[in-house]
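These notes concern the structure reproduced below.
The values are calculated or read from the model by the stated rules, or taken from the named source; none is laboratory data. On a predicted model such as this, the values are computed, not experimentally measured, just so you know. Glycine also receives a Cβ, built like all others from the backbone with ideal geometry; neighbour counts cover every protein chain displayed.
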Amino acid sequence: MSIADQALTEEMASRRDMIVCRGVKKWFGDFQALAGVDITVKDREVMVVLGPSGSGKSTLIRCINRLEVHQEGEIVVDGVEMTNDMRNIEKIRSEVGMVFQQFNLFPHLTVLDNITLAPIWVRKRARVEAEAKAMELLERVGIPEQANKFPGQLSGGQQQRVAIARSLAMEPKIMLFDEPTSALDPEMISEVLDVMKDLARGGMTMIVVTHEMGFAREVADRLVFMESGDVVEVGTPEHFFTNPTEERTKLFLSQIL
Amino acid sequence: MTSQTVDQGTAGFSGHTRPPIWRNTSVLKWLVQIVVLVAVLAVFWFLAAQARTNLSAKGIPVSYDWLDEPANIQLGEGIQTVDTEERRLTMSRALWVGMVNTLRIASIGIIVSTIIGITVGIARLSKNWLARKVSSIYVETLRNVPVLVQIILWLAILGSLGKLTADSGPIPGWVIVSQKGISLPRVFLADGFYQFVSMVLIAMIPVWFVRRSLKRRQDREGGNTHATGITLGAFVVIAVIAWFANPVMAFLGPVFGGVESAWGSIPQGLMQLVLSVAALGGAVLWIKRFLDSRRTPAGLAKLIDDDWFRMIFAVVAALLAVLVLVRGWPGLSSWIVNSGSDLFGVISDKFGDGRGSRPIDAMKPTLSEGRFVNYGPTGLTMTVFYASLFFGLVFYTSSFIAEIVRGGILAVPAGQSEAAAALGLSRSQALRKVVLPQAFRVIMPPLGNQYLNITKNTSLGIAVGFSEIVQVGQTVYNKNSQTLAVFSIYMVFYLACSLSISSVVNTINRRLAIVER
């Protein structure tokens, strides 16, 4: 069994591969950010990526929707390989939603316009339809009353929930979360995590980079520990929090828990 | 009376005891403003009086009487260059010609340098290596050479161009670049233009309704109903038909003639009444909207003294306007009646018999005694003086605008384009929908500065002998020694230009402001 498929239950192993990374390498100048990453994410799986800062967690998920371009290895998303082909990139991006640490909402547009922008311009939806869908999503993340406000008028937690709704509006099969709660005040973290738990229960395939151990323990199917651009250990939450194999994983967990 | 009203009003709403006047901040705020205004005016008055006495002692009293004297100035170009029986070239007329020349070069310069600047600025951020390098070289070269040097260089280049030997008549060929300047055929509004425009406007009304319903359908059902394409197509078809069929609109001539006589027969008293009602109604409407803006979901917000001052001033202003209309200047109403009637007469004339043919026509520049005829029925010419000033200013300013645009785009956080890309927007969609709207917020204030700069830098035309306001003014005060009077005219003129530009820029800025809390 390759490292990518470690700790998969039989049921999970029989599912379709949604994301496959094989030997993915990435350099920023002289600095090697990814040193040959192998990971497989199955359909409806929630994978949490842990690791110290600079370990390549963010770079990895940014490669998956090509915000960064990997230099070696291959990335296959739902059967489509990430290459220089514009059509493949568009196809992958339309299936993969992303939520950022800094929310990255569009400050010049209202909450509703933030959510409907891509459905109207990329998917060519009718405005009425896109707005109805957006209101539905805002209900789901619990802030329908903020629809006509601007991002600057919302709290951090509300902004991040809008960002999640904005990604969901494109009806992605996969959601990538890049430290979604790291820029939030402590009392707002749970409202965002609740939305993410809800998504996970709904069967969304997710890769989550986070330091929220409670969330990882509760929601993750598998955890991945990365260091220096390499996958050190893959396992179930139970394995990770009771008896991790690798010394480095133990050290990291002892510092963070 | 004023303060009593304020008392009652505020007391009625707040119920607090009022502080004495010398401690009341809102009274003090207004008082300070009035005192500062009076002080500033007093200082100016003092300086002006001093200058006047001192100059009178030297035998050159400041006056503006010379404005009506004949100019006897050689003007290079402009709306009027020679003194004729019908149109005297007085000093004031000569200065006006200079102002128009300044405005001509400033307004076209602003437009052209903005277009070049935005293009080059975006090109500097392009992923295309060649576009990036070429635009970098453009910016680095042009902004590092003084603008005066560039203007004189352009004069030297244009002056060394081929000689145009024809002496009179239209130019040979369509575009001529010569030592006399750059000449293009001029497109002008011909006889049928008004018929053409009215016909197109009327025919576009139903098209507009169709466009609206198409857009609604797109919003409702999605997909693309091609609303804009259909509108443009209909416009082209209508324009082609109207190009040939426009004489049928001649019936509008008598219609406007009827309006002319009807408007002219409005009695002065009625016009005064209507205008007074409009002034009072405007004040009432303004107060109503003002109160609406102070309304919160819980009801009318507590009004502060400042709000009461504003509403009282609105009423006072309206009453003053009525007083002026009825008592102070009754002639204004009859002037509106007469000039309105004249305006409709002019429009009626445009639709007169026998007009209506081709709406737009082109003409080649005409030479007369070896010189281009600048105005009148002739082509478009840029004299070498105009062209060298124009190119110098436009290229110089556009290099700065390019940097401003580049800076504005870079000021938008990278996360914004990443979020747009992650949502699947293409690069150009991300630029149009996400990055540029935010960049313009940053770009607008310094862009306004560049517009002010290009307007003021037109005064460098003096170096190449372009007849803009400063050059004309200098000739004037060399003749009559009225330096101070001429400079006061400069100042008022440039101030008016600058204030107009900055008020436009400020309005746009307010529109672009991002809402926070």
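Please find, within the range B:123-155, the residue that is farthest from B:Phe385 (Cα to Cα) out of those that are crowded, with 16+ Cβ neighbours inside 10 Å and of a type outside the set (A, V, I, L, M).
Looking at residues that are crowded, with 16+ Cβ neighbours inside 10 Å and of a type outside the set (A, V, I, L, M), I get B:Arg124.
Looking at B:Gly222, B:Gly264, B:Gly299, which is the one that is out of contact with any Phe, Trp or Tyr (no Cβ under 8 Å at 6 or more places or on another chain), at positive phi and surrounded by 14 or more Cβ atoms within 10 Å (Cβ to Cβ)? Show your work before the answer.
Numbers: B:Gly264 fails: at positive phi; B:Gly299 fails: surrounded by 14 or more Cβ atoms within 10 Å (Cβ to Cβ).
The match here is B:Gly222.
Determine whether B:Arg220 is more than 14 Å from chain A (Cβ to nearest Cβ) and among the basic types (Lys, Arg). Break it down into steps so the answer makes sense when it comes.
Numbers: more than 14 Å from chain A (Cβ to nearest Cβ): no; among the basic types (Lys, Arg): yes.
Criteria not met by B:Arg220.
Can you spot a residue in the range A:17-31 that is assigned to a loop (DSSP other than H, G, I, E, B) and in contact with a strand residue (DSSP E or B) (Cβ under 6 Å, 6 or more places away or on another chain)? Steps first, please.
Within the range A:17-31, the first condition is being assigned to a loop (DSSP other than H, G, I, E, B), and the residues that meet it are A:29-30.
Now drop any that are not in contact with a strand residue (DSSP E or B) (Cβ under 6 Å, 6 or more places away or on another chain), which leaves none.
The answer is no, given that none of the residues of the range A:17-31 is assigned to a loop (DSSP other than H, G, I, E, B) and in contact with a strand residue (DSSP E or B) (Cβ under 6 Å, 6 or more places away or on another chain).
On the basis of being free of Cβ contacts under 8 Å to residues at least 40 places away in the same chain, over 29 Å from the mean Cα position of the chain (by Cα) and over 30 Å from B:Phe193 (Cβ atoms), does B:Gly258 make the cut?
Numbers: free of Cβ contacts under 8 Å to residues at least 40 places away in the same chain: yes; over 29 Å from the mean Cα position of the chain (by Cα): yes; over 30 Å from B:Phe193 (Cβ atoms): no.
In short, no.
Identify all residues within the range B:221-240 that are of a type in the set (A, V, I, L, M) and free of Cβ contacts under 8 Å to residues at least 12 places away in the same chain; write none if there are none. Spell out the reasoning first.
As a first pass, look at the range B:221-240 and keep what is of a type in the set (A, V, I, L, M): B:227, B:230, B:232, B:234, B:236-240.
Those that are of a type in the set (A, V, I, L, M) and free of Cβ contacts under 8 Å to residues at least 12 places away in the same chain: B:Leu232, B:Val236, B:Val237, B:Val240.
Answer yes or no as to whether B:Gly461 is assigned by TED's automatic domain parsing to the domain that holds B:Met491, assigned to a helix (DSSP H, G or I) and surrounded by 19 or more Cβ atoms within 10 Å (Cβ to Cβ). Please lay out each step first, then the result.
Details: assigned by TED's automatic domain parsing to the domain that holds B:Met491: yes; assigned to a helix (DSSP H, G or I): yes; surrounded by 19 or more Cβ atoms within 10 Å (Cβ to Cβ): yes.
Yes, satisfied.
From the list A:Leu112, A:Leu34, A:Leu117, which residue is touching an Asp or Glu at 6+ places or on another chain (Cβ under 9 Å) and within 14 Å of another protein chain (Cβ to nearest Cβ)?
Values: A:Leu34 fails: within 14 Å of another protein chain (Cβ to nearest Cβ); A:Leu117 fails: touching an Asp or Glu at 6+ places or on another chain (Cβ under 9 Å).
From the options A:Leu112, A:Leu34, A:Leu117, the qualifying one is A:Leu112.
Can you name the condition, by its number, that A:Ser53 falls short on among (1) small (Gly, Ala, Ser); (2) in a loop (DSSP other than H, G, I, E, B); (3) more than 27 Å from A:Leu193 (Cβ to Cβ)?
Among (1) small (Gly, Ala, Ser); (2) in a loop (DSSP other than H, G, I, E, B); (3) more than 27 Å from A:Leu193 (Cβ to Cβ), the lone unmet condition for A:Ser53 is (3).
Filter the range A:145-186 down to the residues that are free of Cβ contacts under 8 Å to residues at least 12 places away in the same chain and more than 15 Å from A:Leu112 (Cβ to Cβ), then identify the one that is farthest from the other protein chains (Cβ to nearest Cβ).
A:Pro186
Just need a number here: residues in the range B:388-430 that are touching a residue at least 12 places away in the same chain (Cβ under 8 Å) and either within 27 Å of A:Thr59 (Cβ to Cβ) or outside the structural domain of B:Asn101 (by TED's automatic domain parsing) (or both).
Initially, the range B:388-430 is screened for residues touching a residue at least 12 places away in the same chain (Cβ under 8 Å), giving B:388-412, B:416-417, B:419-420, B:430.
In the following step, the residues that additionally are either within 27 Å of A:Thr59 (Cβ to Cβ) or outside the structural domain of B:Asn101 (by TED's automatic domain parsing) (or both) were identified as B:409-412, B:416-417, B:419-420, B:430.
Adding up the residues that qualify gives 9.
Every residue, every condition in (1) surrounded by 15 or more Cβ atoms within 10 Å (Cβ to Cβ); (2) within 14 Å of chain B (Cβ to nearest Cβ); (3) polar (S, T, N, Q), yes or no:
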position: A:Lys26; (1), (2), (3): yes, no, no
position: A:Gly29; (1), (2), (3): no, no, no
position: A:Thr40; (1), (2), (3): yes, no, yes
position: A:Lys57; (1), (2), (3): yes, no, no
position: A:Val69; (1), (2), (3): no, yes, no
position: A:Gly73; (1), (2), (3): yes, no, no
position: A:Met86; (1), (2), (3): no, yes, no
position: A:Phe103; (1), (2), (3): yes, yes, no
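Any residue at all in the range B:55-76 that is outside any strand (DSSP E or B) and in contact with a Phe, Trp or Tyr (Cβ under 7 Å, 6 or more places away or on another chain)? Please lay out each step first, then the result.
Step one: of the range B:55-76, the residues outside any strand (DSSP E or B) are B:55-69, B:71-76.
Adding the requirement that they be in contact with a Phe, Trp or Tyr (Cβ under 7 Å, 6 or more places away or on another chain) leaves B:76.
Among the residues of the range B:55-76, at least one is outside any strand (DSSP E or B) and in contact with a Phe, Trp or Tyr (Cβ under 7 Å, 6 or more places away or on another chain), which makes the answer yes.
Here are B:Ile157, B:Ile110, B:Ile182: which of them is at pLDDT 95 or above and either outside any helix (DSSP H, G or I) or touching a helix residue (DSSP H, G or I) at 6+ places or on another chain (Cβ under 9 Å) (or both)?
On the way: B:Ile157 fails: at pLDDT 95 or above; B:Ile182 fails: at pLDDT 95 or above.
Being at pLDDT 95 or above and either outside any helix (DSSP H, G or I) or touching a helix residue (DSSP H, G or I) at 6+ places or on another chain (Cβ under 9 Å) (or both) holds for just one of B:Ile157, B:Ile110, B:Ile182, which is B:Ile110.
Looking only at the range A:136-168, filter to residues that are over 23 Å from the mean Cα position of the chain (by Cα) and among the hydrophobic types (A, V, I, L, M, F, W, C); which one of those is farthest from B:Arg217 (Cα to Cα)?
First pass over the range A:136-168, keeping only residues over 23 Å from the mean Cα position of the chain (by Cα): A:144-150, A:152-153.
Next, from what is left, pick out any that are among the hydrophobic types (A, V, I, L, M, F, W, C): A:147, A:150.
Numbers: A:Ala147: 23, A:Phe150: 27 Å.
Looking at residues that are over 23 Å from the mean Cα position of the chain (by Cα) and among the hydrophobic types (A, V, I, L, M, F, W, C), I get A:Phe150.
Within the range B:429-441, track down each residue that is more than 8 Å from chain A (Cβ to nearest Cβ) and either within 30 Å of B:Leu161 (Cα to Cα) or not hydrophobic (A, V, I, L, M, F, W, C) (or both). Quick ask: steps written out before the conclusion?
At the first step, the residues of the range B:429-441 found to be more than 8 Å from chain A (Cβ to nearest Cβ) are B:430-432, B:435-436, B:439-440.
B:Arg432 - this is the single residue of the range B:429-441 that is more than 8 Å from chain A (Cβ to nearest Cβ) and either within 30 Å of B:Leu161 (Cα to Cα) or not hydrophobic (A, V, I, L, M, F, W, C) (or both).
On the basis of being within 13 Å of the chain's Cα centre (by Cα) and part of a strand (DSSP E or B), does A:Met206 make the cut?
Numbers: within 13 Å of the chain's Cα centre (by Cα): yes; part of a strand (DSSP E or B): yes.
For A:Met206, the condition - within 13 Å of the chain's Cα centre (by Cα) and part of a strand (DSSP E or B) - is met.
Those residues that are buried (at least 17 other Cβ atoms within 10 Å of the Cβ) and either away from every other protein chain (no Cβ under 14 Å) or in contact with a Phe, Trp or Tyr (Cβ under 6 Å, 6 or more places away or on another chain) (or both), I need them from the range A:133-142; list them, please.
A:Leu138, A:Arg140, A:Val141
Kindly evaluate A:Leu199 against the criterion of being without any contact (Cβ under 8 Å) to a residue 60 or more places away in the chain and in a helix (DSSP H, G or I).
Working: without any contact (Cβ under 8 Å) to a residue 60 or more places away in the chain: yes; in a helix (DSSP H, G or I): yes.
Against the criterion (without any contact (Cβ under 8 Å) to a residue 60 or more places away in the chain and in a helix (DSSP H, G or I)), A:Leu199 qualifies.
Does A:Ala130 satisfy the criteria of being closer than 29 Å to A:Val41 by Cα and at the interface with chain B (Cβ under 9 Å from one of its Cβ atoms)?
Values: closer than 29 Å to A:Val41 by Cα: no; at the interface with chain B (Cβ under 9 Å from one of its Cβ atoms): yes.
The answer is no for A:Ala130.
Within the set of pairs 6+ apart or on separate chains, which have a first residue in the range B:456-471 that is free of Cβ contacts under 8 Å to residues at least 60 places away in the same chain, a second that is hydroxyl-bearing (Ser, Thr, Tyr) and in a helix (DSSP H, G or I), and C-beta atoms under 7 Å apart?
B:Lys456/B:Tyr494
Results for (1) among the hydrophobic types (A, V, I, L, M, F, W, C); (2) within 25 Å of B:Val384 (Cβ to Cβ), shown as yes or no for each residue.
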{"site": "B:Leu447", "(1), (2)": "yes, no"}
{"site": "B:Thr458", "(1), (2)": "no, yes"}
{"site": "B:Phe466", "(1), (2)": "yes, yes"}
{"site": "B:Ala485", "(1), (2)": "yes, no"}
{"site": "B:Val492", "(1), (2)": "yes, no"}
{"site": "B:Ala496", "(1), (2)": "yes, no"}
{"site": "B:Ser500", "(1), (2)": "no, no"}
{"site": "B:Asn506", "(1), (2)": "no, no"}
